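As structure tokens, the structure follows; a few thoughts come after it.
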There are 2 protein chains.
Amino acid sequence: MMITWNNLDTLASFKELSQVEKVNLVEVMSGDNGAERVKNYSVPMAEGMAFNYAARPIDDKVMAALTKLAEEAQLTEKFEALYNGEVINTGEKRLVLHHLTRGQLGDAVVADGVDKRTFYTDQQKKIADFANKVHAGEITNAAGEKFTTVVQIGIGGSDLGPRAMYLALENWAKINHTLKMEAKFISNVDPDDAAGVLNTIDVAHSIFVLVSKSGTTLETLTNESFVKDALKNAGLDASKHMIAVTSETSPLAKSDDYLAAFFMDDYIGGRYSSTSAVGGAVLSLAFGPEVFAQFLDGAAEEDKLGKNKDVLKNPAMLDALIGVYERNVLGYPSTAVLPYSQALSRFPAHLQQLDMESNGKSVNRFGEPVDYVTGPIIFGEPGTNGQHSFYQLLHQGTDIVPLQFVGFKNNQMDTDVVIQGSTSQQKLCANVAAQIVAFACGKSDDNRNKNFEGGRPSSIIIGDQVNPKTLGALLSHFENKVMFQGFLWNVNSFDQEGVQLGKVLAKRVLAHETDGALKVYSDLLNI
Amino acid sequence: MMITWNNLDTLASFKELSQVEKVNLVEVMSGDNGAERVKNYSVPMAEGMAFNYAARPIDDKVMAALTKLAEEAQLTEKFEALYNGEVINTGEKRLVLHHLTRGQLGDAVVADGVDKRTFYTDQQKKIADFANKVHAGEITNAAGEKFTTVVQIGIGGSDLGPRAMYLALENWAKINHTLKMEAKFISNVDPDDAAGVLNTIDVAHSIFVLVSKSGTTLETLTNESFVKDALKNAGLDASKHMIAVTSETSPLAKSDDYLAAFFMDDYIGGRYSSTSAVGGAVLSLAFGPEVFAQFLDGAAEEDKLGKNKDVLKNPAMLDALIGVYERNVLGYPSTAVLPYSQALSRFPAHLQQLDMESNGKSVNRFGEPVDYVTGPIIFGEPGTNGQHSFYQLLHQGTDIVPLQFVGFKNNQMDTDVVIQGSTSQQKLCANVAAQIVAFACGKSDDNRNKNFEGGRPSSIIIGDQVNPKTLGALLSHFENKVMFQGFLWNVNSFDQEGVQLGKVLAKRVLAHETDGALKVYSDLLNI
């Protein structure tokens, strides 16, 4: 089928969607009707998880319109074109291949003269081999001692995703005896970030992973120097403590400064790189390659669901469609991500980048301004912590914020405690269940200060436990949701031209080539 | 002067403000005019800091209208009433006294039969005495060994503020040889939070600070049990390892379960409690009482500026007024907090609670619905990390997000590195300067995908270094900004009824007293 890339507001189905009668969430979520909705408005995900959208502002009529929209916007066909290797990142004229790091969804994709699936799995094998040797004590420091700590040096996509995934699995790995090395992360150009981390580790037994696709990211190269100085000051040979994750054409690729180099390529954007060598090196070193492989399996299983044309069998597409309905028809400007799991403490920060950097655009994929709003503000913290923080505004503020809950039946570690007749895990789950209903249904009170209007939409992804497979599936869900929303908004979700101007001006400041306001700010900051 | 509490949209000056011609930020921030603005649009803060608002959408006409608004809304008089002990938290019929923890701004305030300033300083002295004894080895574990770690058990305001302040000063304290004990934090009811922290500490040499005003916060009591089990399993007497921070009337106050109890009261809300015993115990134990005293001094100095009737001498009031202009006249729905300092990594999370829990309200202080928007969404991460994450949307997204930058001329630690002719600290500062100008002025490009419209407002607080005094001043600035905005919106910024419904429903779930949607969610989550 011929694919056409049209703006959202030119689609007949979108106009239709705008005119469908709005759902009264308080009404439909109350009583037996509400119970039925929660039972029925659920779509299976990979790894035994489910996407439950009962508390989103949807009914059969809205669903019918969303289904038409999915068809008219050719979401399935566009995804197919993407995983079959078309140039979907039109701005940078690049393929978009992060799905290939975890599975083959369609045709073989050949680029730069190689089969890309083979390229990615080869890198995984090389990383696995390297990690196994480190764990076995075959690759050691100069004194022949085992490495105990791995430190990732990277920023943005080379930091947030891998860090969030590491934190998500750290305690799980401890309990399952697969925590091979502790991982730390250095990202900020603030010298106190590197110095602070170096202060807490034993550099003599640390291996550093330098991650930069271009090999020219200023923050990362600066922090590399920081680390090299620390190694030198400790009387160590830096090149025996560092590996690189970079593109084959970068200056880092063949340098003698590194024990080894593992490769990524231009077809995987930083924010989509957790399943590539960018996440692979640090996570394989921390948890062992088998755990990283399970993480990829979970993502691959979830990716397959993204191919389904039937919206009710495609949770990422469904989530994307409802999100666009909330953003462009109902007019809600932000979305909160609220995982009820301490292990997912930095998952919202990763999704914040994934979503806002992908779809925070004002022009369509042809560079023409769009007449509708695109990506929303994304923020969040884990529950129950958030409940004691910003939930006040979510319940009673003047703006409505759609919520994406994530909950798990079981915790990761083997300790729990019974207080007032329930475990902590039960309390955690009781809270997320309670919040969904409180937000949707509200509660009238004559004292208006204690009144809850309700009508505040949410969905919940429910899983058994945060483990490598469910984590992979969860990551895939949100990556594909963002991709489908990009298709709907007709933007290029895979470039980030908006970060360039700041870089250019910062260089000018450092070169003292400024005038006007910029010069005065530079003076005020003593640069 | 008689104080009247009026809704924002009833004020003549607000209507006037709405009609003032809008400022074209690209225009006014360009060329020599821009340079002049940056020089002039600056208000001194305490501790040598300054609030620079050159890149906010303001000019003389808007300023004149804001000044009138401040007068008509009686901001100075309302603050005066607050610190002189009037019942400003009308919903809960309570005084609002957090300023008294760090200074006496006005009249002596007597409540519950005592002078409240004396009450707070007495608690500080008791905490100082206790902390000094712990540091001197006069208070030890049962084996007579010194405590090396302090663990705060608390949630919401008992967690976010103290945690953010600890992280802000941890490296500073290391360099200045005042890091007496490492601090850790347990907050989430997720059992993996407590188990995860307990896994990383030596409980035999740890002292735990249980923080709950009421003594009944379920998350906190649950986590206390967790910790007590761990102590018991290690063959230790829990009561020799725990102190309590609570109100004098709570069940914890006189319990034998604690080595000591320090007191707060109902006149300090959780999110305003960093300068009370809630922050005082953990920070005095971690850094020594002198460091905590400096932190209070910084806040007290900044508080004094809040009394100024002249808006141009009152940075918190000015920030508040511009924020309300951006929210209610220009219609921007969210605000980002972007500190260019890794030390302030969790400062945005604290401000998120402070702001959203205080002003996320739909009714005025008399319980009547308001016809205008109130508190915005607050989010943020430290720069430069954010630049590589969500800044794409901030630069080129379809919504405009006002930005609150914070920058410091110097870093905290004594290590830095010169790469490409500049230090990391200079790069950090160059980036924040560049971002302000990039957001304000933009840059035209024929390729619309590389085009930056500009007109995106920001302000910056510039200080010398993150240290106890500047941190205190910074905290005070934002607390008072939120307070003044609450006055402008005529809401009660000091209660949080919006968190109650979720609590009630969660209890019902745990008691298995549910029906409808709530019952099905409970089943799906295996409760």
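The values are calculated or read from the model by the stated rules, or taken from the named source; none is laboratory data. Because the structure is predicted, anything quoted here is derived from the model rather than measured. Reconstructed Cβ throughout: ideal geometry from the backbone, glycine too, with neighbour counts over all protein chains shown. Side chains included, ligands, DNA and RNA excluded: accessible areas come from the protein's heavy atoms. Shrake-Rupley method; radii C 1.70, N 1.55, O 1.52, S 1.80 Å.
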Across the range B:156-184, what is the number of residues that are under 17 Å from the mean Cα position of the chain (by Cα) and open to solvent by 10 Å² or more (accessible area, probe 1.4 Å)?
-> 4
With a cut-off of at least 1 residues that are away from every other protein chain (no Cβ under 14 Å) and free of Cβ contacts under 8 Å to residues at least 12 places away in the same chain, name the helices (runs of 4 or more DSSP H) lying wholly within the range B:1-95.
-> B:12-19, B:60-72
Filtering the range A:214-246 for residues that are modelled with pLDDT under 95, in a loop (DSSP other than H, G, I, E, B) and open to solvent by 40 Å² or more (accessible area, probe 1.4 Å) leaves a count of 2
For the range B:306-346, the count of residues that are open to solvent by less than 30 Å² (accessible area, probe 1.4 Å) and either closer than 19 Å to B:PHE51 by Cβ or not in a helix (DSSP H, G or I) (or both) equals 26
Considering only residues that are within 14 Å of chain A (Cβ to nearest Cβ) and open to solvent by 10 Å² or more (accessible area, probe 1.4 Å), look in the range B:202-213 and name the one that is nearest to B:GLY235 (Cα to Cα).
-> B:VAL203
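In the list A:GLN392, A:GLN387, A:GLN404, which residue meets the criterion of being farther than 22 Å from A:PHE51 by Cβ, within 23 Å of the chain's Cα centre (by Cα) and not in a loop (DSSP other than H, G, I, E, B)?
A:GLN387 is the lone residue from the list that is farther than 22 Å from A:PHE51 by Cβ, within 23 Å of the chain's Cα centre (by Cα) and not in a loop (DSSP other than H, G, I, E, B).
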Here the qualifying pairs (Cβ atoms under 8 Å; residues six or more apart or on different chains; first in the range B:207-227 and within 11 Å of B:ILE186 (Cα to Cα); second surrounded by fewer than 24 Cβ atoms within 10 Å (Cβ to Cβ) and of a type in the set (Phe, Trp, Tyr)) come out as B:LEU210/B:TYR258
Pairs where the first residue, in the range A:495-516, is without any contact (Cβ under 8 Å) to a residue 60 or more places away in the chain and the second is in a helix (DSSP H, G or I) and open to solvent by 70 Å² or more (accessible area, probe 1.4 Å), C-beta under 8 Å, 6+ apart | A:GLN500/B:LYS450; A:THR514/A:ARG508; A:GLY516/B:ASP32
Filtering the range B:138-153 down to residues that are in contact with a strand residue (DSSP E or B) (Cβ under 9 Å, 6 or more places away or on another chain) and either of a type in the set (A, V, I, L, M) or on the phi > 0 side of the Ramachandran plot (or both) yields B:ILE139, B:VAL150, B:VAL151, B:ILE153
B:ILE419 passes all but one of the listed conditions (1) surrounded by fewer than 24 Cβ atoms within 10 Å (Cβ to Cβ); (2) farther than 23 Å from B:ALA336 by Cβ; (3) modelled with pLDDT of 95 or more; the exception is number (3)
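For the condition closer than 25 Å to B:ASP355 by Cβ and in a loop (DSSP other than H, G, I, E, B), what is the one hit in B:ASP256, B:ASP266, B:ASP193?
On inspection, the qualifying residue turns out to be B:ASP266.
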Residue satisfying condition, being in contact with an Asp or Glu (Cβ under 7 Å, 6 or more places away or on another chain) and either modelled with pLDDT of 95 or more or not basic (Lys, Arg) (or both), within set A:GLY502, A:GLY472, A:GLY498, A:GLY486 | A:GLY472
Answer yes or no: is there a residue in the range B:466-473 that is more than 8 Å from chain A (Cβ to nearest Cβ) and open to solvent by 20 Å² or more (accessible area, probe 1.4 Å).
-> yes
Please enumerate the residues belonging to the range A:453-505 that are basic (Lys, Arg) and assigned to a helix (DSSP H, G or I).
-> A:LYS469, A:LYS481, A:LYS503
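In the list B:VAL150, B:VAL114, B:VAL110, which residue meets the criterion of being away from chain A (no Cβ under 14 Å) and without any contact (Cβ under 8 Å) to a residue 24 or more places away in the chain?
B:VAL114
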Can you tell me which residues in the range B:410-420 are at the interface with chain A (Cβ under 7 Å from one of its Cβ atoms) and not charged (D, E, K, R)?
-> B:ASN411, B:GLN412, B:MET413, B:THR415, B:VAL417, B:ILE419
Selection within the range A:77-104 - in contact with a Lys or Arg (Cβ under 7 Å, 6 or more places away or on another chain) and open to solvent by 20 Å² or more (accessible area, probe 1.4 Å) | A:VAL87, A:THR90, A:GLN104
Any chance B:PRO369 is facing chain A (nearest Cβ under 7 Å), over 14 Å from B:LEU338 (Cα atoms) and at pLDDT 95 or above | yes
Would you mind finding the one in B:GLY407, B:GLY386, B:GLY454, B:GLY380 that is touching a Cys at 6+ places or on another chain (Cβ under 8 Å) and more than 8 Å from every other protein chain (Cβ to nearest Cβ)?
-> B:GLY454
Within the range B:424-440, residues being more than 7 Å from chain A (Cβ to nearest Cβ) and either open to solvent by 20 Å² or more (accessible area, probe 1.4 Å) or outside any helix (DSSP H, G or I) (or both) number 0
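Table: residues versus (1) among the acidic types (Asp, Glu); (2) assigned to a helix (DSSP H, G or I); (3) modelled with pLDDT of 95 or more; (4) under 22 Å from A:LEU344 (Cβ atoms).
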position: A:ARG117; (1), (2), (3), (4): no, yes, yes, no
position: A:GLY144; (1), (2), (3), (4): no, no, yes, no
position: A:ARG163; (1), (2), (3), (4): no, yes, yes, yes
position: A:LEU167; (1), (2), (3), (4): no, yes, yes, yes
position: A:ALA173; (1), (2), (3), (4): no, yes, yes, yes
position: A:PHE185; (1), (2), (3), (4): no, no, yes, yes
Has the range B:258-275 got at least one residue that is more than 30 Å from B:LEU474 (Cβ to Cβ) and at pLDDT below 95?
-> no
Residues that are away from chain B (no Cβ under 11 Å) and of a type in the set (Phe, Trp, Tyr), drawn from the range A:164-201 = A:TYR166
Within the range B:119-142, tally of residues that are of a type outside the set (S, T, N, Q), in a helix (DSSP H, G or I) and open to solvent by less than 70 Å² (accessible area, probe 1.4 Å) | 10
